[in-house]
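Participant: Would you mind keeping the following structure in view while I ask a few things?
The values are calculated or read from the model by the stated rules, or taken from the named source; none is laboratory data. Quick caveat, the model's predicted, so the values are computed rather than measured. Neighbour counts are summed over all protein chains in view; Cβ atoms, including those assigned to glycine, are modelled from backbone coordinates with ideal geometry.
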């Protein structure tokens, strides 16, 4: 099997060691160190080819499905590797564009350490947009994690390391790998190889990013784990997930609450996940602005109107709109939303809330009842 040492030796002076690429040059730091990264199955070198920076992916052992995944980017027997000073072999490599930027992992670490909530929210929204497109397609990355996403200088996210990708042509095959354990459902097996592979990691990463945007101190307490806040192997007792759920409930972030709650399901495919992501990422123009009415489905409440769905069934309880606002409950917390689904008022801890009438709603706590105006001010009865 090829070794990192062999690749470094050949690429340090690659003249005459490529079949079709011609002259390539290994990019180096200011001190002369070669620029590369190493994973479990491959090393990626930054090279200069025809005046452009490219990524050369070199493998330590044979990998299935590479031609279907990478197409013409896979170059068969392209690079010669010496195993002795006199002999060697030709090996396959994958040549792709070099994406200038930082990994999503690095971006999260920087923003979380600085407690930069705005930057974390931007990262959450960028990831949600990428995840929404990915979940809507008929293929899956297979090893979705922050280290496999590059944030470019314009703020766009790009997927890298597609060796574990599922494509429709692979139906009936087993997965060549199970992805990184810190981002995968514990029940995933090699037999689970389909377009739903990214459901669980997408839900986990989105939940972690939105939780950090609400409370960056979560990173201070849980950021040293192998993954991102949550431990899939202990998800039912994970204190980080419990804190995140409480953050979402307190803020009225019902969509993120349900996405995070889905991490506790016994299977990796997440029911209704795409609908939740589509609602989370839609633009303002696509939000219905006619008067929504509540509906219940499988014990949860949502809102719809003649213009379409406002909110899928995510609430524990939902009231009719009155004076432009509706009371909703999620995770033991009550809020008022407007006809766009945006949270307008957060209610204090209470047992129940009535709809607005003549400018006031009734708040009932364990001890007494209050009137609340549309600015959230409480008054004794």
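Participant: Could you identify the single residue in 192, 199 that is closer than 19 Å to residue 273 by Cβ, buried (at least 18 other Cβ atoms within 10 Å of the Cβ), assigned by TED's automatic domain parsing to the domain that holds residue 259 and at pLDDT below 95? Explain how you work it out, then say what you get.
Facilitator: Values: 199 fails: at pLDDT below 95.
Just one listed residue meets the conditions, 192.
Participant: Being surrounded by fewer than 22 Cβ atoms within 10 Å (Cβ to Cβ), touching a strand residue (DSSP E or B) at 6+ places or on another chain (Cβ under 9 Å) and in contact (Cβ under 8 Å) with a residue 12 or more places away in the chain is the filter; apply it to the range 110-129 and report the residue that is nearest to residue 188 (Cα to Cα). Before you say what the answer is, go through the steps one by one.
Facilitator: Filtering the range 110-129 for residues surrounded by fewer than 22 Cβ atoms within 10 Å (Cβ to Cβ) gives 110, 113-119, 121-122, 125-126, 129.
Checking the rest, the ones that are also touching a strand residue (DSSP E or B) at 6+ places or on another chain (Cβ under 9 Å) come to 110, 126, 129.
Among the residues that remain, those that are also in contact (Cβ under 8 Å) with a residue 12 or more places away in the chain are: 126, 129.
On the way: 126: 27, 129: 25 Å.
This residue is 129.
Participant: With the structure loaded, tell me whether residue 182 is over 19 Å from residue 268 (Cα atoms) and either in a helix (DSSP H, G or I) or under 12 Å from the mean Cα position of the chain (by Cα) (or both) or whether it fails that test. Steps first, answer last, please.
Facilitator: On the way: over 19 Å from residue 268 (Cα atoms): no; either in a helix (DSSP H, G or I) or under 12 Å from the mean Cα position of the chain (by Cα) (or both): yes.
Criteria not met by residue 182.
Participant: A follow-up question, please. Output the residue which, of all residues in the range 61-80 that are in contact (Cβ under 8 Å) with a residue 12 or more places away in the chain and more than 28 Å from the chain's Cα centre (by Cα), is nearest to residue 164 (Cα to Cα).
Facilitator: For the range 61-80, the residue satisfying everything is 61.
Participant: Then there is this: Please go through the range 300-339 and give me each residue that is assigned to a loop (DSSP other than H, G, I, E, B) and in contact with a helix residue (DSSP H, G or I) (Cβ under 8 Å, 6 or more places away or on another chain), ordered by number.
Facilitator: 331, 332
Participant: Within the range 3-25, does at least one residue satisfy the condition of being under 24 Å from residue 142 (Cα atoms) and loosely packed, with under 12 Cβ neighbours inside 10 Å?
Facilitator: So far as the range 3-25 goes, no, none of its residues is under 24 Å from residue 142 (Cα atoms) and loosely packed, with under 12 Cβ neighbours inside 10 Å.
Participant: Could I ask something else about it? Return a yes/no flag: does the range 199-215 have any residue that is in contact (Cβ under 8 Å) with a residue 60 or more places away in the chain, farther than 27 Å from residue 44 by Cβ and out of contact with any helix residue (DSSP H, G or I) (no Cβ under 9 Å at 6 or more places or on another chain).
Facilitator: The answer is no; no qualifying residue exists.
Participant: Restrict the check to the range 38-57 and report whether at least one residue is within 24 Å of residue 152 (Cα to Cα), assigned to a loop (DSSP other than H, G, I, E, B), out of contact with any helix residue (DSSP H, G or I) (no Cβ under 6 Å at 6 or more places or on another chain) and in contact (Cβ under 8 Å) with a residue 60 or more places away in the chain.
Facilitator: yes
Participant: Which residue out of 210, 158 is more than 23 Å from residue 231 (Cα to Cα) and either part of a helix (DSSP H, G or I) or in contact with a strand residue (DSSP E or B) (Cβ under 7 Å, 6 or more places away or on another chain) (or both)? Full working, then the answer.
Facilitator: Working: 210 fails: more than 23 Å from residue 231 (Cα to Cα).
Of 210, 158, the one residue that is more than 23 Å from residue 231 (Cα to Cα) and either part of a helix (DSSP H, G or I) or in contact with a strand residue (DSSP E or B) (Cβ under 7 Å, 6 or more places away or on another chain) (or both) is 158.
Participant: Now for a different question. Being surrounded by fewer than 13 Cβ atoms within 10 Å (Cβ to Cβ) and part of a loop (DSSP other than H, G, I, E, B) is the filter here, so list the residues in the range 340-364 that pass it. Break it down into steps so the answer makes sense when it comes.
Facilitator: So the first thing to find is which residues in the range 340-364 are surrounded by fewer than 13 Cβ atoms within 10 Å (Cβ to Cβ), and the list is 342, 349, 351, 357-359.
Of everything in the range 340-364, those that are surrounded by fewer than 13 Cβ atoms within 10 Å (Cβ to Cβ) and part of a loop (DSSP other than H, G, I, E, B) turn out to be 342, 349, 351, 358, 359.
Participant: Counting only residues that are loosely packed, with under 13 Cβ neighbours inside 10 Å and more than 14 Å from residue 160 (Cβ to Cβ), how many does the range 81-109 have?
Facilitator: So the count comes out to 6.
Participant: For the range 163-178, name all the residues that are over 18 Å from residue 38 (Cβ atoms), assigned to a loop (DSSP other than H, G, I, E, B) and within 18 Å of the chain's Cα centre (by Cα).
Facilitator: Within the range 163-178, 165, 178 meet the criteria.
Participant: Being in contact with a strand residue (DSSP E or B) (Cβ under 8 Å, 6 or more places away or on another chain) and in contact (Cβ under 8 Å) with a residue 40 or more places away in the chain is the requirement here; does residue 310 meet it?
Facilitator: no
Participant: While we're here: Against the condition assigned by TED's automatic domain parsing to the domain that holds residue 216 and either in a loop (DSSP other than H, G, I, E, B) or at negative phi (or both), how does residue 263 come out, does it pass? It would help to see each step written out before you state the result.
Facilitator: On the way: assigned by TED's automatic domain parsing to the domain that holds residue 216: yes; either in a loop (DSSP other than H, G, I, E, B) or at negative phi (or both): yes.
Considered against the rule, which asks whether it is assigned by TED's automatic domain parsing to the domain that holds residue 216 and either in a loop (DSSP other than H, G, I, E, B) or at negative phi (or both), residue 263 comes out as yes.
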